[in-house]
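Each remark here refers to the structure printed beneath this line.
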Amino acid sequence: MEDTAVPYMPEHSIRKEKYEIQRVLGSGSFGVTYLALDLVLEHLVAIKEYAPVGTCRRQMDGSLCPAEGYEAEFAEGRRRFREEAARIYGMFDLPGICCVLDFFEENGTAYLVEEYLPGGTLRAYLNERRGHVLSFAECQTMFAPVLEGLCRLHARGIIHRDISPDNLMLERGSVRLLDFGCARESTQGDETMTITLKHGYAPIEQYQH
């Protein structure tokens, strides 16, 4: 089947017989995020599609398949994407953390369904601020729920490892953390964890390994 020049799923296509794709919210190295309508519950959600750049291609029917020579890499990435969903699925009691509502595999790839947070990213908010800074009082209000949620995740052995203004979404004056694609489960004294960092935001100890 020939490839299509359109890199995304077409608008109004249906996934899992219940999610209608509305539009693209953003894309990155490992996937595409769409705004979608849950036709059963009649509310908006965000759907993250596993679509790593360079290792897969979009076909005419909108499905994905591994690029030639990247079959094993694509399959391993999809497995880790599945682990991301399983890692925090059902953790609705975590303040400051975006909830994973659903996960499914079809269309040649995998999809993670999250809450839709329309407030935009912290980076976009800062870009609109004069001086691109927040006061200490604003930081206290905005980040307190995230810090509490992270404490609970750490107590369960889950480390996010990719916190940045791009992964913090605004909601009612505070922020919510999303995108657990780089998260890993760890145990006390674990020193074998792969080093993953985002320059400018990672803790200094990650640069020293």
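The values are calculated or read from the model by the stated rules, or taken from the named source; none is laboratory data. All of these numbers come straight from a predicted model, not from anything done at the bench. For neighbour counting, all protein chains shown are included, and Cβ atoms are generated from backbone atoms with ideal geometry for every residue, glycine included. The area values use the complete protein model at the heavy-atom level, side chains included, leaving out ligands, DNA and RNA. Shrake-Rupley method; radii C 1.70, N 1.55, O 1.52, S 1.80 Å.
Descriptive notes on the structure:
- Single residue of R82, R123, R130, R58 found to be in contact with an Asp or Glu (Cβ under 6 Å, 6 or more places away or on another chain) and either open to solvent by 50 Å² or more (accessible area, probe 1.4 Å) or of a type in the set (K, R) (or both): R123
- Inter-residue pairs, beta-carbon under 9 Å, first without any contact (Cβ under 8 Å) to a residue 12 or more places away in the chain and in the stretch 40-66, second among the β-branched types (V, I, T), 6+ apart: P66/T55
- Just one residue in the set L150, L117, L112, L126 is at pLDDT 85 or above, in a helix (DSSP H, G or I), under 25 Å from A86 (Cα atoms) and among the hydrophobic types (A, V, I, L, M, F, W, C); that residue is L150.
- Residue list for the stretch 67-90, filter: in contact (Cβ under 8 Å) with a residue 60 or more places away in the chain and either part of a loop (DSSP other than H, G, I, E, B) or not aliphatic (A, V, I, L, M) (or both): R80, F81, E84, R87
- Enumeration of residues in the stretch 6-25 that are surrounded by 13 or more Cβ atoms within 10 Å (Cβ to Cβ), not in a loop (DSSP other than H, G, I, E, B) and not β-branched (V, I, T): R15, Y19, E20, Q22, L25
- Each residue in the stretch 26-53 was checked for being among the aliphatic types (A, V, I, L, M) and either open to solvent by less than 40 Å² (accessible area, probe 1.4 Å) or part of a strand (DSSP E or B) (or both), and 9 of them qualify.
- Taking every residue in the stretch 110-121 that is over 25 Å from C56 (Cβ atoms) and of a type in the set (S, T, Y) and pairing it with any residue that is open to solvent by less than 40 Å² (accessible area, probe 1.4 Å) and not in a strand (DSSP E or B), at least 6 positions away or on another chain, the pairs with Cβ-Cβ distances below 9 Å are T121/P165; T121/N167.
- Cβ pairs under 8 Å, 6+ apart, first in the stretch 153-164 and over 15 Å from Y89 (Cα atoms) and of a type outside the set (A, V, I, L, M, F, W, C), second modelled with pLDDT of 80 or more and not in a strand (DSSP E or B): S164/R123
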